[in-house]
Structures are given as C-alpha cells and as structure tokens.
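Comments concern the structure below.
What follows is calculated from the coordinates using simple rules that are stated; it is not laboratory data. It should be emphasised that the depicted structure is a prediction, and the values quoted were computed from it without experimental measurement. Methodologically, a virtual Cβ is constructed for each residue, glycine included, from the backbone with ideal geometry; neighbour enumeration extends over all protein chains shown.
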Amino acid sequence: MKIAVTYENGQIYQHFGHTSQFKIYNVENNTITESVVIDTMGSGHGALAGFLQANGVDTLICGGIGTGAINALNQADIKLYGGVSGNADDAVNALMNNTLIFNPNVHCSHHDHGSHGHNCGEHGCGHGNCENH
C-alpha cells in the first residue's frame, strides 16, 4: 500500500487542490517501511490525482477536497479518506489501525457554485488569495 497525505509542517494540509507537498508512506504488513515528502511542482486540483497515480499512490488522506478532484481520484482508483486534520504520521497510523476518523462525504463546496466570485479566504482553505481554477 502507498499512502499520500496532503502535507505542511507535519500536519495534514486542509485544501487538497492547493497543497504544495505530499508525504508519501510505503506500507507493508501494516508497517510503514519508508516515508518521503515530495513537492507537487505546481500541480493543482484535478491534476494532483494524476500526480499521485504517477507516484504509485493508492490511498489519500486529506482535509477538504472539491468534487472535481474527488472524481479524478475515483478515475485513478485512489481511495480517499477526506475531512481529516491533525498530525500526518498519526493519521497514517490510525488508518493502519482502523481508527482513522474521516468524513466519507467530505466536500469543499466553494468549487460547486458555478462561478468563482467568492471572496478569497471565505471557504476555509486558509489562503488569502485564489488561483485561477
């Protein structure tokens, strides 16, 4: 199993489409055998699913995520555990122990209103500015 976590300073980064790093864990026999932090190289939103797939990831732990990215992950056969916060290493250990608390209906709703006329920072991703989607 190869698990990716949206990552910033040891914590689960809360907006999948804006994450600049993933921490990727190789897991064998329910034990972490290796972990590495990788840079997304400017990829964002739906493109991140392809980035994860190219890196052999089959499972993702993240905070908020939009519908387009969820669909892209589904097409890439990457299992999603969204709505998670806190320490990245702790979340992976919780997943391996079947104690991870996640939201199966995680949804970053600001992506679905049809336009991008929202005020930046209102949607809780922690960014004061927006990029073109």
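For region 102-107, the Karplus equation 6.51 cos²θ - 1.76 cosθ + 1.60, evaluated at θ = phi - 60°, returns couplings of 9, 10, x, 10, 3, 7 Hz by residue, with Gly and Pro reported as x.
Calculate, in nm to one decimal, what residue 53 and residue 21 gain on full extension: separation in residues at 0.36 nm each, minus their alpha carbon distance. If you can, show how the numbers build up before the last one.
Working: separation 32, 0.36 × 32 = 11.52 nm, distance 1.48 nm.
Result for the pair: 10.0 nm of gain on full extension.
Just the projected area, averaged over all directions, of the convex hull on the alpha carbon atoms of region 26-110: how many nm²? Result: 5.8 nm².
In a simple Cβ point-charge model (Lys, Arg +1; Asp, Glu -1; nothing else charged), region 2-111 has a dipole of about 220 debye relative to its Cα centre. How big, in percent, is the set of alpha carbon pairs in region 1-49 lying more than 18 Å apart? Roughly 30 percent, rounded to a whole number.
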